[in-house]
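Okay, so here's the structure we're looking at.
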């Protein structure tokens, strides 16, 4: 498995718990078996700053019955402020409303004309708030938000096709045959923050990815295996002393490389970091958002197990 170019971050060995969507198995590293279209697990490790916990999932993109999608274009409504691209919605509500098996938060976003609530001195993220996606976002039914292009290079993005994916710098011109796309954030306007991919060709680029790469925060990332057939989703908890202190972006890069990613992108994090997984028995595996509740976010990335296509490939086993 590839290592980062700068060596591993100073964390203890990972303790990884593993399961499988609809079929549980002791499985970590290497290619996914056809009978295991979604494999998930948790990460527990120790850093110099304290404990670090997270959730991950691997999706076999060419397995029968697997479908990946993202937030679709908004139907305009009277009264929407100028620049409205999405309406905020928590990941768990989006997943349940759309029947997704697995979902995470995705791109960075900004509310339009945010105002504090009555008697409050700060702005809250509220469900339904009109917002702008910062960079590329595409659903199956069209473009939600165009890519930013800075210095001739597009956003660091996750591009999902019918049976494979890639993480790469992308502009709107790169979207032919792309089923859905979400993105991290590229260079700052002043050029002082590079805004690179999190991982490129197996190299840890966390130090130059955005945002605040050296600071521990809750984090979300998406990566792709070398053959493009495995999508890797990773969230790390943070801002919760004694439970999880969060990760730097170099640490996130190390973790997702360990999970098998050759290329990866850092998505929105902080209070936005969300992980939702619905198991075969209907029980839920979710993260513990740092806000104390699910934050409404701008867009979402989801995975569906479609029946009956997947039924023939899945066997029920006991969870370890």
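The values are calculated or read from the model by the stated rules, or taken from the named source; none is laboratory data. Everything numeric here is computed off the predicted structure, so don't read it as measured data. Cβ placement follows ideal geometry from the backbone for every residue including glycine, while neighbour counts extend to all protein chains displayed.
For the stretch 176-201: of the residues being touching a strand residue (DSSP E or B) at 6+ places or on another chain (Cβ under 6 Å) and over 24 Å from residue 162 (Cα atoms), which is surrounded by the fewest Cβ atoms within 10 Å (Cβ to Cβ)?
Here the answer is 187.
So which residues in the stretch 224-267 are outside any helix (DSSP H, G or I), under 12 Å from the mean Cα position of the chain (by Cα) and more than 14 Å from residue 164 (Cβ to Cβ)?
Keep residues of the stretch 224-267 that are outside any helix (DSSP H, G or I), which gives 224-248, 259-267.
From what is left, the residues that are under 12 Å from the mean Cα position of the chain (by Cα) are 224, 231-236, 264-267.
233, 234, 235, 236, 264, 265, 266, 267, listed by residue number.
Conditions first: (1) more than 24 Å from residue 289 (Cβ to Cβ); (2) part of a loop (DSSP other than H, G, I, E, B). Residue 181 passes all but one, so which condition is the exception?
Unmet condition: (2).
Could you say which residue among 221, 167 is touching a residue at least 60 places away in the same chain (Cβ under 8 Å), assigned to a strand (DSSP E or B) and crowded, with 24+ Cβ neighbours inside 10 Å?
Of the residues listed, the single one that is touching a residue at least 60 places away in the same chain (Cβ under 8 Å), assigned to a strand (DSSP E or B) and crowded, with 24+ Cβ neighbours inside 10 Å is 167.
What is the residue count in the stretch 221-251 for residues that are under 16 Å from residue 158 (Cα atoms) and touching a helix residue (DSSP H, G or I) at 6+ places or on another chain (Cβ under 7 Å)?
Number of matching residues: 4.
In the stretch 198-212, what residues are touching a helix residue (DSSP H, G or I) at 6+ places or on another chain (Cβ under 6 Å) and assigned to a strand (DSSP E or B)?
Scanning the stretch 198-212 gives 199, 204.
Listed here are the residues, each with its yes/no results for (1) closer than 26 Å to residue 306 by Cβ; (2) crowded, with 24+ Cβ neighbours inside 10 Å; (3) touching a residue at least 12 places away in the same chain (Cβ under 8 Å).
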residue: 90; (1), (2), (3): yes, no, yes
residue: 99; (1), (2), (3): yes, no, yes
residue: 106; (1), (2), (3): yes, yes, yes
residue: 120; (1), (2), (3): no, no, no
residue: 127; (1), (2), (3): no, no, yes
residue: 131; (1), (2), (3): no, yes, yes
residue: 141; (1), (2), (3): yes, no, yes
residue: 148; (1), (2), (3): no, no, yes
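When residues of the stretch 268-299 are filtered for being surrounded by fewer than 17 Cβ atoms within 10 Å (Cβ to Cβ), part of a loop (DSSP other than H, G, I, E, B) and at pLDDT 95 or above, how many remain?
4
Just to check your reading of the model, which residue among 19, 54, 30, 69 is buried (at least 17 other Cβ atoms within 10 Å of the Cβ) and at pLDDT below 95?
Only one candidate qualifies: 19.
Identify the single condition in (1) buried (at least 24 other Cβ atoms within 10 Å of the Cβ); (2) assigned to a loop (DSSP other than H, G, I, E, B) that residue 215 does not satisfy, given that it satisfies every other one.
Every condition holds for residue 215 apart from (1).
Inside the stretch 134-161, can you point out the residues that are part of a loop (DSSP other than H, G, I, E, B) and within 16 Å of the chain's Cα centre (by Cα)? Walk me through how you get there before you give the answer.
So in the stretch 134-161, the residues part of a loop (DSSP other than H, G, I, E, B) come out as 134-136, 140-141, 146-148, 151-152, 161.
Result: 134, 135, 136.
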